[in-house]
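Colleague: Structure below; questions to follow.
What follows draws every value from the coordinates through simple rules; no lab data is involved. It should be emphasised that the depicted structure is a prediction, and the values quoted were computed from it without experimental measurement. Because the Cβ atoms are built from the backbone with ideal geometry, glycine has one as well, and the counts that use them run over all protein chains shown.
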Amino acid sequence: MGKVDAHVHVFAKASDEFPRETNDVLSADREETAEDLLGEMEASGIDKACLVQIGGTAYEHHAYL
């Protein structure tokens, strides 16, 4: 089956088009791309990953879904 990382996040910089929660850890200008994730997975020998949505409970935080 291979190695699976069961909890990873991929997100863009906060914007009007893709609003999201921001805080001390998730600053508005921070992003973690799918390409970054794939590179980290390859370097760590991870075969699959399960994406988990980052925080935010307001409707506007889910506009990109």
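Colleague: Among Val4, Leu38, Ser15, whose Cα lies farthest out toward the positive end of the dipole of segment 4-62, if unit charges sit on the beta carbon of Lys, Arg (+1) and Asp, Glu (-1)?
Modeller: Val4
Colleague: Over all directions, average the projected area of the Cα convex hull of segment 2-43 and note it in nm².
Modeller: Dividing the Cα hull surface by four gives the mean projection, 3.7 nm².
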